[in-house]
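Colleague: Dumping the structure here so I can ask a few things about it.
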Protein chains: 2
Amino acid sequence: MSPARPTIHDVAARAGMSKSLVALALSGSPKVSEKSRVRIEQAAAELGYRPNAAARSLSIRRSRTIGVLILDLHNPVFAEILDGVQTEVRQHGFSTMLVTGGENPDLELAEIETLREFQVEGLILISHRLPTDVLRSIAAEIPTVVVTRDDIVAPGMDTVSNDDVAGARLAIDHLVGLGHERIVYVSGGDNPVSHLRATGYAEAMTDHGLTEQIRIVPGGLTDATGYRAAETAVELDPTALFVANDIAAIGAIAAVENAGLRVPEDISVIGYDGISLGALRRINLTTIGQPLAELGRRAAERILHRIANSGIESNRDYLSAELRVRGTTGPAAITPS
Amino acid sequence: MSPARPTIHDVAARAGMSKSLVALALSGSPKVSEKSRVRIEQAAAELGYRPNAAARSLSIRRSRTIGVLILDLHNPVFAEILDGVQTEVRQHGFSTMLVTGGENPDLELAEIETLREFQVEGLILISHRLPTDVLRSIAAEIPTVVVTRDDIVAPGMDTVSNDDVAGARLAIDHLVGLGHERIVYVSGGDNPVSHLRATGYAEAMTDHGLTEQIRIVPGGLTDATGYRAAETAVELDPTALFVANDIAAIGAIAAVENAGLRVPEDISVIGYDGISLGALRRINLTTIGQPLAELGRRAAERILHRIANSGIESNRDYLSAELRVRGTTGPAAITPS
DNA sequence: CTGAAAGCGCTAACAA
DNA sequence: TTGTTAGCGCTTTCAG
């Protein structure tokens, strides 16, 4: 490749000064004469000098890098969270190192290992599936914050998530406000998030005196599972469907339409997450929007704070979601039950 | 944090051997007695030893890391390409360091700089917007491969892209095969990709004897721009729309439907890219699918090869796209022109 | 202000 | 087989 990258030593030689002076000047120390500084900066520029992060990291014993694990880049939710993380982290002079688990949970652990070999100073785990005990031992060794999960408490670890119970209640309140009573929850399968949303659904239904109407059909968090679950749900003759997440909701709408029913005239559908995709005119999905970028920003804030103050107490952040009314919900059809 | 990470030195002490022996054993060298190896591995495990990538990188003068720049994580196209990159790179024992440019082009350059400070051995640039001369100087210093752009040639750099002209022809062939003649191209704005697709459109139209019917309306690559452009396109009374990319196509469909026309009964719509989103049942978009993961895989292959063989000639890969017929295209309506 | 020297954790000769 | 030694490039005392 190229004929050996210039080092601080080369810069010093060219500027006719010592290595350490160059180091000082380059780190913006005030105890370098203006004249020297200019000479040095010029020499560095001429040589195309670029500091070696590995060497610095080794020397100062800090990498100024935080590791981010994302379950799956394809789900837009994660991309949006990541955005918030990067913005915040960058502002504090840190870099991020991103890895994705892919299909395989073992890989997920291996990737975290890689991150740690690179000496990241903290870990932001976004929707991973690591078991509690593994997580616990990781958090014991390195500052960690978990995003979108609050089912784990461990020393050394913070959580940043959305209040799913409250969000689900928002959805039901909205539907009930539109006159709906036969509201079915299309679940997202057996995972913490889906369970919490089910809880919110049930609580809100009860609050509205609709305990009798509580009906949950098992589903999943994907387009296909949402589609299939909605096929079942439709047979329950609902006027509205509350679906565990946006992607599944989009699948559910397809199923409703395929069954010869219109959305929202015959059946209203509301999702959860607030992915930007739902805003596409063609989709126009009413949903409970999480503050995704803010979730990421907060996570970054927490990890940075934890890095700076080791040993602080675990913190749990809950950001609130908001109702975003678009085109897939409307007044309940006036049909006999 | 934790009480100082164990180093190779600690492992040696615990195993009662020298540093270098440990290094050898840990790198799986055959010139270490079985007995010593076991002792060392045990000591390492007990201590929870984890090699320091920065130190290794400094010592061997290689980072075994490749840097990836992605324009925008929100566009699913890039996430899918990235998937291919990561899979391939990982298989060769390399790690990836991912950065995103965000809104600001200057940031993009700064991020590349960061990547280089971390001593990445090669750069994969996915849909960046760096000017040619900048790119040229980067490629002169570090192995680089550019994905989804083939408008740049520079020594030290490979390109991996899709044959947009051929792909566009596929789209037109498909539509003409369905009996369409009044086919409008909804462009993606002023960028290389969009221009190439326009070229393919025009060529194919001419080949089919439809030169007279060539009509291009200016648009963009987003949902909103696709929507607006399609509003204009509809006034041209077309039977089919070929839209520059999938996201814009989804916007276009909304516009068509809003104009009181049905897709595909009144107007067929075909997109380009093959994002997984288009496969959602609710969208069901006919499109020209690029082999996205394969694009990423190939890029990784190229960069790895270039890293191993410095100074090789520039290579240009063109992967072919394929027609994916789904529900937004159908026979041309039999209406008078 | 400036320069010399030690050391971060690891690898890679080179001896023993 | 093993142990010694000398850096990789950078930061950081600690004397001049």
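Values in this text are rule-based calculations from the coordinates and carry no lab data. Note that the coordinates shown come from a computational prediction; the quantities given were computed from them, not determined experimentally. Heads up, the Cβs are rebuilt from the backbone with ideal geometry, glycines too, and the neighbour counts pull from every protein chain shown.
Colleague: Quick one: label points 7 angstrom along Cα→Cβ at A:Ala166, distances to the other copies in nm, smallest first?
Modeller: 5.5
Colleague: Further, regarding this structure: Mind checking which of B:Val38, A:Val68, A:Val217 is farthest towards the positive end of the protein assembly as shown's charge dipole, using Cβ charges of +1 (Lys, Arg) and -1 (Asp, Glu) about the Cα centre?
Modeller: Toward the positive end, the furthest listed residue is B:Val38.
Colleague: Whole-Hz Karplus ³J(HN,Hα) for region A:94-104, in order, using 6.51 cos²θ - 1.76 cosθ + 1.60 and θ = phi - 60°, x for Gly and Pro?
Modeller: 9, 10, 10, 10, 9, 9, 10, x, x, 6, 9
Colleague: List B:Val134, B:Val77 from most exposed to least, where exposure is judged by having the fewest other Cβ atoms within 10 Å.
Modeller: B:Val134, B:Val77
Colleague: Hey, got the dipole for region A:8-60? About the Cα centre, +1 on K and R Cβ, -1 on D and E Cβ, debye to the nearest 20?
Modeller: Dipole of region A:8-60, to the nearest 20 debye: 100 debye.
Colleague: Same structure again: How far is B:Ile60 from the same spot in each other copy, in nm, shortest first, if each label point sits 7 Å from Cα toward Cβ?
Modeller: 2.6
Colleague: Another question, if that's okay. Using the beta-carbon distance between A:Glu265 and A:Val153 and R0 = 56 Å, what value does 1/(1 + (r/R0)^6) give for FRET efficiency, to the nearest 0.05?
Modeller: For R0 = 56 Å, the calculated efficiency reads 0.75.
Colleague: Given the options B:Gly274, B:Gly179, B:Ile253, identify the residue whose Cα lies farthest towards the positive end of the charge dipole of region B:164-290 (+1 on Cβ of Lys, Arg; -1 on Cβ of Asp, Glu).
Modeller: B:Gly274
Colleague: Taking the Cα centre as origin and putting +1 on Lys and Arg beta-carbons and -1 on Asp and Glu beta-carbons, what dipole magnitude results for chain A, to the nearest 20 debye?
Modeller: 2100 debye
Colleague: Along Cα-to-Cβ, 7 Å out, sits the label point; list in nm, shortest first, how far the one on A:Arg129 is from those in the other copies.
Modeller: Going from nearest to farthest copy, the values are 3.8 nm.
Colleague: Next question, about the same structure. Taking H as built 1.01 Å from N, whose amide H comes closer than 5 Å to the amide H of B:Leu319, not counting residues under 5 places away?
Modeller: B:Ser161, B:Asn162, B:Asp163
Colleague: Sorted by average packing, counted as other Cβ atoms within 10 angstrom per residue and highest first, what order do A:48-54, B:168-174 take?
Modeller: Ranked from most to least packed, the peptides come out as B:168-174, A:48-54.
Colleague: To make sure I understand, if each residue's beta carbon is the centre and we count other beta carbons within 10 Å, what order do B:Tyr201, B:Tyr318 fall in, fewest to most?
Modeller: If I rank by nearby Cβ atoms, fewest first, I get B:Tyr318, B:Tyr201.
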